[in-house]
Amino acid sequence: MASKKIIAVVGATGAQGGGLVRVVVNDPESGFVARALTRNVSSDKAKALSKLGVEVVSANIDDLESMQRAFTGAYGAFCLTNFWEHFSPEKEHAQAKVMAQAAKQAGVQHVVWSTLEDTRKWVPLSDTRMPTLMGQYKVPHFDAKGEADQEFTKLGVPTTFLLTSFYWDNMVFFGMGPKKGPDGTLLLTLPMADKKLPGIAAEDIGKCALGIFKRGKEYIGKTVGIAGEHLTGNEMAAAMTTAFGQTVRYNNVTPEAYRGFGFPGADDLGNMFQIKCEFNDEFRRPRNPSVARSLNSSLQTFAAWLAQNKQRIPLS
Ligand SMILES: NC(=O)c1ccc[n+]([C@@H]2O[C@H](COP(=O)([O-])OP(=O)(O)OC[C@H]3O[C@@H](n4cnc5c(N)ncnc54)[C@H](OP(=O)(O)O)[C@@H]3O)[C@@H](O)[C@H]2O)c1
């Protein structure tokens, strides 16, 4: 039997990369094997991957040499940055550049880069409908990822640009679940007006990425967007009402109000939701659930995800 192709996975201990590692482990016929990259091979999450039989290697996306070592011998690489760890778009861009350089030097044949749009193509800094943040961004955690796409193209790295969607898991980990309003009714607070929000189960991102690696050449040089479903706030609230067996109401707030919520990154997310509303067609068009389903036949709908995950969503 031909030896399996290695996919080096950045973020293997996290949501996106973890999903990719797990689907590769669970799909022994895929022709691929995962190599998990982490800064800390002794963490519980890294040890759990070792226990699954996954090769776990030490690497840091701030350190080119470590990334070259980790990408050596790999056919593919899943590349990811984690904005929320440092809140620095410049650092995110630099990390993407390191991964592109390492992929080039190691001769990686297919990179899937988990990116997002540079929103300044829709709302230039001169546009005053929303504040400019950190001096030169509208949505810092999007803009630097989109800006960094060029690091892969400039070096001629064979890359698929993967546009991900809002994780429904944000309701579990990011405090975005429904909360009790003044009258005790559960309120799902989002500044999405009457527009549809593309969403996805975080676990499905890695499954779609494996679909892209399997299709190989067809996707190199392409941008592909993925979502499980596009839903309005009312539709999400209705699905939660069914899942929880108690009323959840959509609480539509303005982007200004959302920016003012005061938690770290509220201004970034307020701008993000405003763009998703005001450029709804442009934002939704590339994130086609049928494309995602063609890459990952077990793609979950919101209702299916809720059925599996509702106990994990804190209702307060
Ligand atoms: N939440 C959403 O709705 C959403 C939607 C679309 C896109 N995103 C984007 O998703 C990204 C986060 O991905 P995630 O949710 O999969 O992350 P996550 O679950 O928070 O895990 C972060 C991962 O990144 C790795 N990592 C961070 N810094 C690293 C470094 N310097 N060197 C090597 N590995 C490093 C961590 O590995 P170790 O700690 O083991 O080293 C960990 O595996 C963010 O940039 C965010 O903007 C989020």
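Condition first: touching a residue at least 24 places away in the same chain (Cβ under 8 Å), away from the ligand (no atom under 15 Å from the Cβ) and either touching a Ser or Thr at 6+ places or on another chain (Cβ under 8 Å) or among the basic types (Lys, Arg) (or both). Now tell me which residues in the stretch 136-153 satisfy that. Phe152, the sole residue that qualifies. The condition of being under 20 Å from the mean Cα position of the chain (by Cα), open to solvent by 30 Å² or more (accessible area, probe 1.4 Å) and small (Gly, Ala, Ser) holds for only one of Ala144, Ala94, Ala100, Ala148, that being Ala94. The set of residues from the stretch 60-91 being open to solvent by 70 Å² or more (accessible area, probe 1.4 Å), within 21 Å of Asn170 (Cβ to Cβ) and touching a strand residue (DSSP E or B) at 6+ places or on another chain (Cβ under 8 Å) is empty. Summed over the stretch 163-191, the residues that are in a strand (DSSP E or B) and out of contact with any Gly (no Cβ under 8 Å at 6 or more places or on another chain) give a count of 4.
Condition first: within 14 Å of the ligand (Cβ to nearest atom) and under 23 Å from the mean Cα position of the chain (by Cα). Can you find one or more residues in the stretch 120-134 that meet it? There is no residue in the stretch 120-134 that is within 14 Å of the ligand (Cβ to nearest atom) and under 23 Å from the mean Cα position of the chain (by Cα). Only residues that are of a type in the set (S, T, N, Q) and within 22 Å of His141 (Cβ to Cβ) were counted in the stretch 43-82, giving 3. Exactly one residue among Gly31, Gly17, Gly53, Gly76 is more than 9 Å from the ligand (Cβ to nearest atom), closer than 21 Å to Ile220 by Cβ and out of contact with any His (no Cβ under 9 Å at 6 or more places or on another chain), and that residue is Gly31.
Within the stretch 46-94, the set of residues being within 21 Å of Met134 (Cα to Cα) and touching a residue at least 40 places away in the same chain (Cβ under 8 Å) comprises Thr81, Asn82, Phe83, Trp84, Phe87, Pro89, Glu90, Glu92, His93. The set of residues from the stretch 80-95 being in contact with a helix residue (DSSP H, G or I) (Cβ under 6 Å, 6 or more places away or on another chain) and more than 10 Å from the ligand (Cβ to nearest atom) comprises Pro89, His93.
The values are calculated or read from the model by the stated rules, or taken from the named source; none is laboratory data. Quick caveat, the model's predicted, so the values are computed rather than measured. FYI the Cβ positions are ideal-geometry reconstructions off the backbone, even for glycines, and counts take in every protein chain you see. The protein model used for the area step is the full one, side chains on, heavy atoms only, and it has no ligands, DNA or RNA in it. Shrake-Rupley method; radii C 1.70, N 1.55, O 1.52, S 1.80 Å.
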